[in-house]
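A.B. asks: Can you keep this structure in mind? I'll have questions shortly.
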Amino acid sequence: MILAITSGEPAGVGPELCAALARRDWAARLVVIGDRGLIAERVHGIAPEVPVADYAPGAAPAPGSLEVLHVPLAVPAVAGRLDAANGRYVLDVLDRAIAGCKSGEFAGMVTAPVHKGIICEAGVPFSGHTEYLAEATATPLVVMMLVGGGLRVALATTHLPLKDVSAAITRPLLTDTLRILDRDLRQRFGLPAPRILVAGLNPHAGEGGHMGTEEIEVITPVLDALRMDGMQLVGPLPADTLFVPHTLQHGDAVLAMYHDQGLPVLKHASFGGGVNVTLGLPIVRTSVDHGTALDLAGTGKADPGSLFAAVELAIAMAGGRP
């Protein structure tokens, strides 16, 4: 099994986090995609004893080496200093990993963090890995789920202003999101009958319509219909009591209605060791749960824990043994 590891924003911590992969033995062959010179420079800074090897599909690398599939930078990268000239390079790295996953060359991909703003400054509209991967694989709907701290939290909506969330939560969206979540929990996570806890949108899940009607008009009818299809769904539940141990112990995953309803809880429980998973894709994709950390880039102090967890989960998902 070969996994592609994209090195992310070259001015951020991604390249040195990828370099840290050489510190461990893995149950898969890992290929880091990025500029060979940049990766070698960052390897030298944190693990000078580790040799960098060029990726050769038909030949295994020397034991203890870090295998790199070279994609050239547009201009030299300086740790901690963003440069829009390399915005296209970041997408070239992603494109190579996606192509390898679609062709079967790679069993899955793990992504280091990118900087959305600098890619946009390079003239390419970019709202995130999740949306980019959906478009590149012609997937009409994908679901973001974070895993860590004993939790799996998926999102009905992702990067939307709060004022737009209510209108975005429609019966078709919730139906499709829950179907994807249920299917991938079965197929990718090996759960034969996943139990999903569904949060309400409003405080107290609407308090019987006194604090909002989305639960009555949208969420509950969707859950009732999907239960008729055999899905195990609990809710809609008030978010402030959903995320307590007594409730969580009865579920395999949570569906939150919006980004900051679910992710602050998960990141409190797991930050530095959490994993971002894109569900609904025809390929396996996991990612770190943090950003580019420009202030740490090049210092060797960045914690690789989230990348390590993302690699472990991708191996499990690709092998069907989460």
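The values are calculated or read from the model by the stated rules, or taken from the named source; none is laboratory data. Everything numeric in this text was worked out from a predicted model, so none of it was measured. We place every Cβ from the backbone using ideal geometry, glycine too, and count neighbours over all the protein chains shown. Quick note on the areas: whole protein, heavy atoms, side chains included, nothing else; ligands and nucleic acids left out. Shrake-Rupley method; radii C 1.70, N 1.55, O 1.52, S 1.80 Å.
A.B. asks: Run through all the Cα pairs of region 51-129 and give the fraction in each 10 Å bin from 0, expressed as whole percent.
C.D. replies: Once binned at 10 Å, the Cα pair distances of region 51-129 give 16, 41, 32, 10, 0.
A.B. asks: Taking each pair of different alpha-carbon atoms in region 77-228 once, compute 1/r for the pair, average those values, and report the inverse of that mean as the Kirkwood hydrodynamic radius in Å to one decimal.
C.D. replies: 18.2 Å
A.B. asks: Among Gly251, Gly209, Gly149, which one shows the biggest mean-square fluctuation in a GNM of the chain, springs joining Cα atoms closer than 10 Å?
C.D. replies: Sorting by GNM fluctuation, first place goes to Gly209.
A.B. asks: Moving on to the next point. Using a ≥ b ≥ c from the Cα gyration tensor of region 1-108 (square roots of the eigenvalues), is it rounded, prolate or oblate, where a/c under 1.5 gives rounded and otherwise the larger of a/b and b/c decides, a/b for prolate?
C.D. replies: Oblate is the answer for region 1-108, as a/c is 1.5 or above yet b/c matches or exceeds a/b.
A.B. asks: What accessible area per residue, rounded to a whole number of Å², is obtained for region 178-322 using a probe radius of 1.4 Å?
C.D. replies: I get 42 Å² per residue for this part.
A.B. asks: Still on this structure, please answer the following. Using bins 10 angstrom wide from zero, how does P(r) for the chain break down, in % of all Cα pairs?
C.D. replies: Percent of Cα pairs in each bin: 6, 27, 32, 21, 11, 3, 0.
A.B. asks: At a 1.4 Å probe, what is the % contribution of carbon and sulfur to the accessible area of the chain?
C.D. replies: Looking at the chain in its full context, I get 55 percent from C and S.
A.B. asks: Over the Cα atoms of region 236-313, Rg to Rh with Kirkwood Rh, two decimal places?
C.D. replies: 1.03
A.B. asks: With the other protein chains left in place, how much accessible area per residue, in square angstrom, belongs to region 12-112 at a 1.4 angstrom probe?
C.D. replies: Value for region 12-112: 41 Å² per residue.
A.B. asks: Report the relative contact order of the chain, percent, no decimals, based on alpha-carbon pairs under 8 angstrom and at least 6 residues apart. Before the final figure, lay out the partial values.
C.D. replies: On the way: 647 pairs, mean separation 74.0, N = 322.
The normalised contact order for the chain reaches 23 percent.
A.B. asks: Express in % the proportion of alpha carbon pairs of region 178-322 at distances exceeding 26 Å.
C.D. replies: Numbers: 3483 of 10440 pairs.
For region 178-322, the share of Cα pairs beyond 26 Å comes to 33 percent.
A.B. asks: In the Gaussian network model of the chain, springs joining C-alpha atoms below 10 Å, which of Met109, Met228, Met211 carries the largest mean-square fluctuation?
C.D. replies: Among Met109, Met228, Met211, the largest GNM mean-square fluctuation belongs to Met228.
A.B. asks: If you add up the charges near Leu160, with Lys and Arg at +1 and Asp and Glu at -1, over every other residue whose beta carbon is less than 14 angstrom from its beta carbon, what do you get?
C.D. replies: After counting each charged neighbour, the total is -2.
A.B. asks: While we're on this one: Tell me the mean residue ellipticity at 222 nm calculated for the chain from its helices only (DSSP H runs of n ≥ 4, each -39500 (n - 2.57), averaged over every residue, nearest 500).
C.D. replies: So the helix-based figure for the chain works out to -10000 deg cm²/dmol.
A.B. asks: Grab the Cα-Cα distance for Phe271 and Val75, subtract it from 0.36 nm times how many residues apart they are, and report the gain in nm with one decimal. Mind dumping the intermediate values first?
C.D. replies: On the way: separation 196, 0.36 × 196 = 70.56 nm, distance 3.25 nm.
Going from the current span to full extension adds 67.3 nm.
A.B. asks: Let me ask you something else. For region 1-46, divide the Cα radius of gyration by the Kirkwood radius and give the resulting Rg/Rh value with two decimals.
C.D. replies: Answer for region 1-46: 0.95.
A.B. asks: For region 247-322 and region 84-141, what is the separation of their C-alpha centers, rounded to whole Å?
C.D. replies: 17 Å
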